[in-house]
Each structure stands twice: as structure tokens, then as C-alpha cells.
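Shown next, in C-alpha cells, is the structure this report addresses.
Just so you know, all these numbers are worked out from the coordinates, no wet-lab data involved. Everything numeric in this text was worked out from a predicted model, so none of it was measured. Here the Cβ positions follow ideal geometry from the backbone for every residue, glycine too, while neighbour counts run over all protein chains shown.
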Amino acid sequence: MGNRKCILLLASTTLKQYAKILACLPFFVFTVGTAQKKLDTLKRELSLATTDSMQINLKVKISRELHRQPSHGEEDIQIAKEAVDQAINAPNSIIYARALNNLGLLYRYHQQYPLSIPLHVKAFEIIEDQDSLSLDKMIFANNAGVAGRYSADYELAVNYYMKALQIAEAENSLLNIEIACNGLGNTFMSIPHRQEEGLNYLQRALNVAKQADNRLGLAMNYLTISGYYDKLLQHETARSYLNELYKLNQELNDTYGQAITLKAFGESYLIENNNLSLSEDYFLKAFQMFKGIGDKHRQALTLYNLGQVAFKQKNHPLSLKRLTDALNRSEQLNNKVLIVNISEIISTIYEETANYSEALAYYKKARDYKDSINLASQEVQIATIVNQFDLEKKEAEIGLLKKEQSYQQNQIDNHKAAIKNRGIIIFLLAAVFLTLAIIILLQYRNSKNKKKSQSIIHQQEKDKVEAEYKRNLLEAEILANQMKLNPHFLFNCLNSIKFLIQQNDTRKAIKYLVKFSRFTRMVLETSNKPMHSILEELELISFYLELEKNRFNSDFTYTITNTIDNEANKVYIPTMILQPFVENAIWHGLLPSKKETKCVAISVKKNNGKVEIYIDDNGQGRQEKKASPFEAHKSRGTEITNERIKLFNKSYDKSLEYKIIDKKGSKGEALGTCVVIRIK
């Protein structure tokens, strides 16, 4: 009964909101018209501006105003780039720094975070030693932190948030202290085993926001802290913060904020999985409010949540209806991440209802969009390298131009001084004309030789700079081409079952596809986690081994032994770190071997307080160089694994190392290979 009253009240509220929107429609039209007038005024001022500084500042303002327009494409970024190019030669470094920061912001607004990071960092570095620009330094450092956090570069994010916090504390700027602490809190929340540290920073940000009566800051921190407690499954504590957030949004009469809070309530009950009906009520209320304010993105997200609720309630028809609606909206918005998530759960529903053709179709859709996301990410990274190289090249050209101008000015000054000296000498020593003529001749010859020497030096310097440009360009192109070759670890598994699907053996193909879909779901669930427990890693590897075994008609066997029991759930390693070693054991050890019994054994043990993982096979070993049909299988797994281990050892307090042991018999014959991985 209480829920029914809430729904009726919500319906009444929604009707009132529609009425308000209709009443405010002339105001919105007026606002759009005002924005266009402001843009026209700025462009008119730009056409009349006479100095570089005025033109650069106006281009920055125009780019921001263009971004606020409903349809601007990438014109805002183009104008911002023009401002940067013009600002390179500006006499005041702060003008150049602000132009760089503006371009970085626009890239960030376009969700091209890797492109924005070097721009914010460079803007900060340009003015880092200037004491009078504290506000700009805080802004640039916080922007670098945000871009780093959105790109999952947590080390860079923490570094620049800390710089912003130090400056804000020195300046006693409550607003910037709250911004930096909130950024640090969100960053540490994303790093395993540092969530407690993140919570401390979020609590500090919350206290500072209360002290400064910053209600927007209060709302942001209430929402973030509630999400943290939901992850800890402390849902009552999480909802206490959401209740405070809802009261605050009511006081502010913020419809959007209230809708966000209702959606957060729904997610909390969805995670708890105890009162799904109440979760559904919250999502339905939030959906109506998002619909009332015309937020299409949040409508799609909320429909996805409602589809999840129905799925957990085993109401597959309702779940499919909601998810299909959410998918259509996501495709209209071109939200690739949401398309992947929705397609995966629809594929799971069809799989559970034995509709394997539809399950396969939606699985492929999710995979294709996932690959598209990865390709777009690589293209952005390549563009980052090219943009950074172009910027450095322009800066170098400007530096060379200034050097040439300085040299020419020195020559002019020297020439003027020489003329003045000659006049004085002629005036004073008219009686000794012959001596003066000799002196003038010597000076002329010296000046000619000096010019010739300077010309040679200048040409050498110019050739050196051009050679350096060509070398840097070649390195950038090589690096960009290498980035296109980054492997996708799922492709190894896909190759293992590919031919089964092509053989038209439908029964086996579906059987193996179901196993593969479960495996890929686990991989995708952990794809955004840099680390997970050994227990989770062993579960993933068991799926991988089963797929490889089925692929090769049980040509080998495998065993997995865990002797450290529950402790394996507390020791963390990089995600999928074992897979390249297991792949090498199968493809390069077991499959080419002529032995009747082929086996790979994975075991986890504890030795002298260190956890050790053994990957042991009885294959042909590494020393034998026999030609086999498996030589076509190439892998960059070891190279990538070494890079991941270096990054892991650098970023975390754990140390991970491995060694490869070539097993031999008494006569030196190969008995296989054993990989030992130690976690300290």
C-alpha cells in the first residue's frame, strides 16, 4: 500500500514537472537564442582583435561556447587547437598554458582522456615554478588527475591530485581542498587494498564541503561514499548517506539530483539481492524522472537496471522487453559500453532458455562492440603520440625561429656599433687617414669572415635540428604501428573452438560455445580489474584448459592442485598472468610431443613463507627444435607478461618473479618444462 502511494505521488510529481517544462519552453528557446548571440558576439570581437593575447583568449572562449551548442561536431576542438598554435609564440607563458589546458578539457569532454593527459601535465609544468599562479596550478593539476583517473592511470592521477592538494592547503582554498580530496578518494577506491585510504579522503572532502557550505560538493561525496559501502555489502550504512543526499536534493529542488539518488537506491537493493521489488520501484521512479527532464542516457541506463532486476527474478520475458528497449536507446546514443553489457545479459537469457542461435547472435554483437571499443582506444593512443610529436615539433620550430631572430638582432646591433665607432675614429683621426683606412679594411675582412663562420655554424645547427625532427618522426611512426599489434587475449581462446563451429557439428559447437561463453563472461568481468585472487585465476585457467582439451579431442590431460586452501583467496596476482605460460606448455610442449601420455599440472604451494605456483608439463621441452604443425602458432605472451610483471612490481607492495626450468633425464633427454612463479 505504501509503495502504491509512492507511485501515485510520483505520477503527480511527474505531471507537475511536465507542466513546468512546458511552461519554461519559451525560456529554453530564449536561452538557446542567447547562447547563439553570445557566440556571434565573441566571433565579432575576434575579427576586431589586434593583439595575439586578445585573439587567443577569445578563441578559448569561443571553443567553450561552441561545446555548449547542441550540434558542434569537433569545431570546438579545432578552434582550441588554433589557440594553442598561436599561443606557442606568445610572450607570456601563462597564455600558452591556459590554451593547452583548454584543449585538454575539450578532449576530456569528448571522452578522449589519453589525448587530454599530456596537455594538462604540460600546462602545469610550464607554470609550476611561478608562485603568483597558484589558482591556475591547482586547476591544471586537478584536471590532470581527473584525466588520469578516467584513463585508469592511477599513479599519475594520485601524483597530480597530491600536487593540487598541497597548493590548496598552502593557499587555504577550501574549494580546491575538497576537489583534490574527492579526486584522491575516487582514485584510491579503484586501487585494490587502498579503499580504506580512499574513504579517508572522501570523508575529509565531505567535512570540507560542509565547512564551506558547498552543497554540490556535499552531494558528490554523499553519492561516492554510499557506493563504497555498497561494495563492502554494508547496505544500511550506504543508504544512510543516500538519505542525506536525497534530503539535500529536495532542499535544492534538484530534480536531476533526486533522480540520480533514486537510481542509487535501486542499485543498492539490486546489489543486496534481498528486496528486488523495492529495487524495481526505485528504478521505475528514477526512470520517470529522467524521462521528464529528457535525459536519454540515464533512461537507457535505468532500463538496463530494470532488465537486471527482472532477470534476477527469473522473469525472462519482462527482462528481454526492458533490455531490448535499453539496447535500442543505447544504439541511438552510440553508447558502446552499455551495448556490450546489455548484449551479454540478453545472450545469457537466450542461453538459459535454450535459444542458442539468438544467444550466439547477441554474444557476437557484444564481442564486435568490445573489439570496436579496443580499436577506438588504440586509435586515440596513436593520435596522442602524433599530437604530442606535432606540438613538440612546433615548439622546436618556434625556438629555432627565435634563435635566428636573436642572431640577426645581434648582427644589426654589432653593425650599428661598428658604424658609430668608425665615425668617431674618422672625426678624431682625420689627420691619419691612411692608418684609418687600413683599420677599416681589417675590420671589414674580419666582419666578412665572422659572417661566413656564423653562417656555417647556423647551417650546421639547422641541419642537426632537421635530422632530430626526422629521427623523432620515425620513432613515433614505429611506435604507432606497434600499438596496432597489441594482442587480445580472448583471440587465443576463440581460435581453440573456431574450427568446431566451422565443421557444422552443431551439437558439439553449441556445447563448447556454452562453455566458452561462461569463460568469456568471467574474463570480461575481470577485464577492468588489474589484479584478482589466485583462487579466481585458477578458476579462469581451468576453463581455458577445458576448452583447449576439447579442441584437441582430449590429446592431453591436466590437473590443478591448491594446497594453501582459503589463503588463495587473499593473495592477489595480475589478472590472466598464468594463461601465457599454460598456453606455451600446451602449444609448444605437449601438442608437438610424440609421447602417449601428455599432461600439464598446475599446483599452488607455500615454501618458506612465499606462495609458489608451478606449471609443469611432460612435453618435448624447449631444447628440441623439431618442425611441427604447431610452429605456426605465434605468441607475444611472454613479452607482454614480462611487461605486466614489471608494472605490477613497480605499482604494488608485492613482488612477483618467475623462472623456467628445463627438465632433463639421466641421459640429457628432454622431460618437459616447469615454470615456477613466486609471490613475495
Scattering profile of the range 216-293 at q = 0.27 Å⁻¹ [log10 I(q)/I(0), Debye over alpha-carbon scatterers]: -1.27
Check: the range 216-293 dipole with +1 on Lys, Arg Cβ and -1 on Asp, Glu Cβ, in debye: 140
Cα gyration tensor shape of the range 56-148, rounded if a/c is under 1.5, else prolate or oblate by comparing a/b with b/c: oblate
FRET efficiency, 1/(1 + (r/R0)^6) with R0 41 Å, evaluated for R68 and I271 via beta carbons: 0.70
At most 14 other Cβ within 10 Å, DSSP loop - GluC sites (Glu not before Pro), the range 542-629: E596, E624
Normalised per residue, the volume of the convex hull around the Cα set of the range 520-679 (Å³): 129
Two-decimal ratio, the range 160-279, of alpha-carbon radius of gyration to 2.2 N^0.38 Å: 1.10
Cα gyration tensor shape of the range 200-261, rounded if a/c is under 1.5, else prolate or oblate by comparing a/b with b/c: oblate
Listed pairs K163/K263; K529/K663; K365/K549; K59/K529; K61/K296 exceeding 31 Å between Cα atoms: K163/K263; K529/K663; K59/K529
Label-point separation in nm, L333 to K511, each point 7 Å along Cα→Cβ: 4.2
Convex hull (Cα only) mean projected area of the range 84-219, reported in nm² to one decimal: 8.3
